[in-house]
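Enquirer: Supplied in structure tokens, the structure appears directly below.
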Amino acid sequence: MSLLKEKLQQILPAQAEDLKNFAKEYGEKVIGEVTIGQAFGGMRGIKGLVCDTSEVPADKGLIIRGTPISEITDKLPEEIFWLLLTGTLPNAEELADLQSDLKSREDVPQYVWDVIDTMPADSHPMTLFNTSLLIMQRESKFAKAYSDGIKKSEYWAYTLEDALDIIAKVPSIAAYIYRKKYADGKRIATDKTADWGTNYVKMLGLEDSKGDFSKVMNLYLTCLSDHEGGNVSSFAASTIGSALSDLYYTLSGGLNGLAGPLHGLAVQECLKWILETMEKFGGTPSLEELEKFTWDTLNSGQVVPGYGHAVLRVTDPRFTAFLEAGRKYCPEDPVFQTVDKVFEVVPKVLQTISKINNPWPNVDASSGCLFYHYGLKEFDYYTVIFSVSRVLGISAQTIINRAYGMPLTRPKSMPSAKFKKEVGA
Ligand code: CMX
């Protein structure tokens, strides 16, 4: 048995028991109220979801299992997956065991390549990626075990099997989508000695002789892995998973949410916006030119991509991590310099608009320019990298939800007329 499974077997049943007792004892306790504004405002701030893998306090940003993301940016994504699931970082032996387990599951079924090859050439890379996950559903060990008949207490262990199978394969699938759409269409074989993120970079086939791109990729995969339970992709995934749909369905569905321009697709929108400013002003714009361009964007009714957040009210610490990486690895890059300058200008502009609750940059504002620097210039593709990372968090959340025995998600909806009646409007 893998060390990860052994560890989870030691801790998850006791945690599940503790939470069952807690919910039973305090089940009637009131912890909040719901306003009409919240019901009509995307349910912001309503406390109704349980997520133990990470939390996002509005004034701090991502905290994974009690540790701020800024303190663990040097960790590998595999270590973060272990941390998300168990609450502690793996020791060297545990990490090596997880990495070798993943290596043994890397082979992607031929039909995945065939389906990617058959899809229209202009399919969005996110469509190719999510379709690949969905068609692999027939491999689900959870679905098979469920139809054979298993105990509820065993659900998480089969979901862990699916998670490891999927995590092992997504770098190859994502890399092939890149090569198919933007390179020579030939697959590059996995490197059996490289860590998960470095292997992904190698299979993309872009220049990385100094290994800096792999470091940036690992930073990105670590930082984007999880963002508590209420963001669109995680919430959508947990709702799907609550029906006991297996992890292939759950991930594919959740990541379809990530493909939206207000969520994961903002990475692509963001770089597009940066490049537009550079094109308009013939290089890195001045602060005055950027201010004007920001106002032009706002006055034309568009959002400034990469700025604002549904929850955060400070600069996203993940934005800061990428900005620091840019200052370290590519300070002379004109696209990076523009991103850095935009950070000086946009918050000041957005602060003057009272309806905007958060004028500060989110993670998407600084990540794309790093990919661009390393020759990954096709920004349509950036959400796929986001997805590869988010597979870690959604998988961890689904395994834990199964271990806790979380029930079917089913909040109450009402017709708008009933909301009006409720408040005498
Ligand atoms: N540019 C212009 N207007 C903005 C804005 C921005 N960057 N951020 C918020 N606003 C506007 C909203 O569109 C909204 O306007 P309306 O009332 O006219 O609809 C108003 O300010 C209030 O919004 P908010 O409460 O501050 O923010 P929301 O929780 O509604 O939305 C988000 C959050 C991220 C969708 C929004 O800030 C936005 O569209 N940002 C740009 C896109 C982006 O960067 N998305 C990536 C988010 C990170 C992720 O989840 O992946």
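Enquirer: Filtering the range 44-55 down to residues that are within 15 Å of the ligand (Cβ to nearest atom) and in contact (Cβ under 8 Å) with a residue 40 or more places away in the chain, which residue is surrounded by the fewest Cβ atoms within 10 Å (Cβ to Cβ)?
Expert: Per the criteria, the residue is ARG44.
Enquirer: Quick check: anything in the range 178-188 closer than 29 Å to SER54 by Cα and surrounded by 17 or more Cβ atoms within 10 Å (Cβ to Cβ)?
Expert: Of the residues in the range 178-188, the ones closer than 29 Å to SER54 by Cα are none.
Looking for residues that are closer than 29 Å to SER54 by Cα and surrounded by 17 or more Cβ atoms within 10 Å (Cβ to Cβ), one finds none in the range 178-188, hence no.
Enquirer: Look at the range 363-377 and say how many of its residues are surrounded by fewer than 24 Cβ atoms within 10 Å (Cβ to Cβ) and either within 14 Å of the ligand (Cβ to nearest atom) or charged (D, E, K, R) (or both).
Expert: 1
Enquirer: Another one. Give the range 56-74 a look and list any residue that's more than 18 Å from ALA325 (Cβ to Cβ), of a type outside the set (A, V, I, L, M) and surrounded by fewer than 18 Cβ atoms within 10 Å (Cβ to Cβ), or say none.
Expert: If the condition is that a residue be more than 18 Å from ALA325 (Cβ to Cβ), of a type outside the set (A, V, I, L, M) and surrounded by fewer than 18 Cβ atoms within 10 Å (Cβ to Cβ), then PRO57, ASP59, LYS60, GLY66, THR67 are the ones that fit.
Enquirer: Does PHE22 count as within 26 Å of the chain's Cα centre (by Cα) and in a helix (DSSP H, G or I)?
Expert: Numbers: within 26 Å of the chain's Cα centre (by Cα): no; in a helix (DSSP H, G or I): yes.
It is false that PHE22 is within 26 Å of the chain's Cα centre (by Cα) and in a helix (DSSP H, G or I).
Enquirer: Then there's this: Could you run through the range 313-324 and say how many residues are within 13 Å of the ligand (Cβ to nearest atom) and in contact with a Gly (Cβ under 6 Å, 6 or more places away or on another chain)?
Expert: 1
Enquirer: Could I ask something else about it? Among the residues of the range 25-52, how many are among the acidic types (Asp, Glu) and part of a helix (DSSP H, G or I)? Even if it seems obvious, please write down each step before you answer.
Expert: Step one: of the range 25-52, the residues among the acidic types (Asp, Glu) are 25, 28, 33, 52.
Then drop every residue that is not part of a helix (DSSP H, G or I), which leaves 25.
Qualifying residue count, the range 25-52: 1.
Enquirer: Looking at LEU102 and the list (1) in contact with a Leu (Cβ under 9 Å, 6 or more places away or on another chain); (2) modelled with pLDDT under 95, which single condition is not satisfied?
Expert: (2)
Enquirer: Residues being in a helix (DSSP H, G or I) and either surrounded by fewer than 20 Cβ atoms within 10 Å (Cβ to Cβ) or charged (D, E, K, R) (or both): count how many of those fall in the range 139-167.
Expert: Looking only at that region, the number is 14.
Enquirer: Out of the residues in the range 333-362 meeting the condition of being of a type in the set (Ser, Thr, Tyr) and more than 10 Å from the ligand (Cβ to nearest atom), tell me which one is surrounded by the fewest Cβ atoms within 10 Å (Cβ to Cβ).
Expert: THR352
Enquirer: Enumerate the helices (runs of 4 or more DSSP H) found wholly within the range 238-312, keeping only those where 2 or more residues are more than 11 Å from the ligand (Cβ to nearest atom), touching a helix residue (DSSP H, G or I) at 6+ places or on another chain (Cβ under 6 Å) and farther than 21 Å from PRO361 by Cβ.
Expert: Answer list for the range 238-312: 247-258.
Enquirer: Out of curiosity, is ARG390 in contact (Cβ under 8 Å) with a residue 40 or more places away in the chain, over 14 Å from LEU258 (Cβ atoms) and buried (at least 24 other Cβ atoms within 10 Å of the Cβ)?
Expert: no
The values are calculated or read from the model by the stated rules, or taken from the named source; none is laboratory data. All of these numbers come straight from a predicted model, not from anything done at the bench. Every residue, glycine as well, gets a Cβ built from its backbone with ideal geometry; the counts of neighbours run over all protein chains shown.
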